[in-house]
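Written out below as structure tokens is the structure these notes cover.
The values are calculated or read from the model by the stated rules, or taken from the named source; none is laboratory data. These numbers were taken from a predicted model, which means no experiment stands behind them. When we count neighbours, we look across all protein chains shown, and the Cβ atoms used for this are built from the backbone with ideal geometry, even at glycine. Remember, those area values only see protein heavy atoms, side chains included, never the ligands or the DNA or RNA. Shrake-Rupley method; radii C 1.70, N 1.55, O 1.52, S 1.80 Å.
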Amino acid sequence: MFDHIRSMLTGERICSKEHLDSYKRIGEQVYEVEVEMSDCQKPRVRALLAAAKSLNIISEALLKEAFDNKPVSSVTHEQAEKFYGLIPDLLIGIRQENVMDHSSKVKLPISLSDQIMSDRRCPTRHLAGMRRAADEMERLLQSSMERFRASDDNKPMLLRFEEARTKRQIADAMVGSIMQGQKVSEESHEKAEEGYWDALETYFKIAQQLEDPSIAWETVKKPRHQQNNDIWRITSRRAMQDIRQSGEWEEAEKDIAEFWEKHSITAMEREYETIVSELENGRDIRAEGYWNCCPFQPVYRVLRGPLQILGYTVPAGHMFVWDYGENGQAGRLITQASFQHAERQYCED
């Protein structure tokens, strides 16, 4: 009971010995299967094994303080628990593939599971855990990357690694300031968290592709509404954090659920989300705030323009947002030099 109260008040959690022991046993299973498959050279088996091993490395790094009998943030525990939960199916797939090619249902490449988000600003302990995980994954891949640097082999993979390494280093710089007690903006916390996550996702896929070069690389992140059926799929992450902190979660959740009962994503809206993903990946736009009406979607500023978006020309410095409409009506793109801040609005009963 006291541990639960502590978790609610501080956002930290003391992992029980039973939980930690179960995680250790999962890790032991990974290494047992690795020894068992030491003579197997099937690329798909090796890729699945690399994924299982990477998940174990990342999870152990996240929970290092827990294994040292120290509290960890709740979001860290939940994220590690999600990663550990993926490993058993991978081990089954490894043994199935060893018996018969393409017998497992696991599709490659495997992506990291949905990112667990904190209800508040990303805890410093969680950022530290993500930094340890990124360090361990870099160490795992280092020898292969050095080999690529010394030759003309696999330059595209090396470029992806270097991009991820740079994102991680930028996140390191932000976290260093946080650790030194300097006041850092909430946006910096978010950017550090995002940098570590992107780096881990890239390292995770590289580990698989090193074992099976036939694995296709997904160059563009799928829009959130294509990833799952979550009612929050197009809601700004900043909006979700603000809603939680203001105690409006239940009211917002009800409104957004009603919104999706009436609204279906159109082909034009899918195209818009794909364009936005590509522009964000290319750093041509940046999310700056969110729309004040349900479903509280991100508002973007053009960093490098002008840009052509669904027939509209949006100059550099201007902002745009997709208005999804009300009561199932068709949406539209809205663009202005800037948008004034407005309070969140909910439907009246």
Test: residue in segment 189-204 that is closer than 15 Å to residue 125 by Cα, modelled with pLDDT under 80 and surrounded by 13 or more Cβ atoms within 10 Å (Cβ to Cβ): yes
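Go through 125, 165 for me and flag whichever is in contact with a strand residue (DSSP E or B) (Cβ under 6 Å, 6 or more places away or on another chain) and either among the polar types (S, T, N, Q) or open to solvent by 20 Å² or more (accessible area, probe 1.4 Å) (or both). Reasoning before the result, please.
Values: 165 fails: in contact with a strand residue (DSSP E or B) (Cβ under 6 Å, 6 or more places away or on another chain).
So the residue among 125, 165 that is in contact with a strand residue (DSSP E or B) (Cβ under 6 Å, 6 or more places away or on another chain) and either among the polar types (S, T, N, Q) or open to solvent by 20 Å² or more (accessible area, probe 1.4 Å) (or both) is 125.
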Inter-residue pairs, beta-carbon under 6 Å, first part of a helix (DSSP H, G or I) and in segment 143-160, second at pLDDT 90 or above and polar (S, T, N, Q), 6+ apart: 160/202
Pairs with Cβ under 8 Å, 6+ apart, first in segment 64-83 and open to solvent by 80 Å² or more (accessible area, probe 1.4 Å), second of a type outside the set (Val, Ile, Thr): 64/129; 64/132; 82/113; 82/114
All positions within segment 162-188 that are modelled with pLDDT under 90 and more than 22 Å from residue 237 (Cβ to Cβ): 176, 179, 180, 181, 182
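Are any of the residues in segment 294-306 more than 26 Å from residue 198 (Cβ to Cβ) and at pLDDT 90 or above? If you could, list the steps in order and put the result at the bottom.
Quick first cut of segment 294-306, residues more than 26 Å from residue 198 (Cβ to Cβ) only: 294, 306.
Subsequent filtering for residues that are at pLDDT 90 or above retains 306.
Looking for residues that are more than 26 Å from residue 198 (Cβ to Cβ) and at pLDDT 90 or above, one finds at least one in segment 294-306, hence yes.
Surrounded by fewer than 19 Cβ atoms within 10 Å (Cβ to Cβ) and either part of a strand (DSSP E or B) or not polar (S, T, N, Q) (or both): which single residue out of 53, 105 fits that description?
On the way: 53 fails: surrounded by fewer than 19 Cβ atoms within 10 Å (Cβ to Cβ).
Result of the check over 53, 105: 105.
Does segment 108-124 include one or more residues that are among the hydrophobic types (A, V, I, L, M, F, W, C) and in a helix (DSSP H, G or I)? Even if it seems obvious, please write down each step before you answer.
From segment 108-124, those among the hydrophobic types (A, V, I, L, M, F, W, C) are 108, 110, 112, 116-117, 122; that's our starting set.
Still in the list and also in a helix (DSSP H, G or I): none.
The answer is no; no qualifying residue exists.
Condition (residue is among the acidic types (Asp, Glu), in a loop (DSSP other than H, G, I, E, B), over 25 Å from the mean Cα position of the chain (by Cα) and over 19 Å from residue 199 (Cβ atoms)) applied to segment 83-99: is it met by at least one residue?
First, the residues of segment 83-99 that are among the acidic types (Asp, Glu): 89, 97.
Next, from what is left, pick out any that are in a loop (DSSP other than H, G, I, E, B): none.
No: zero hits.
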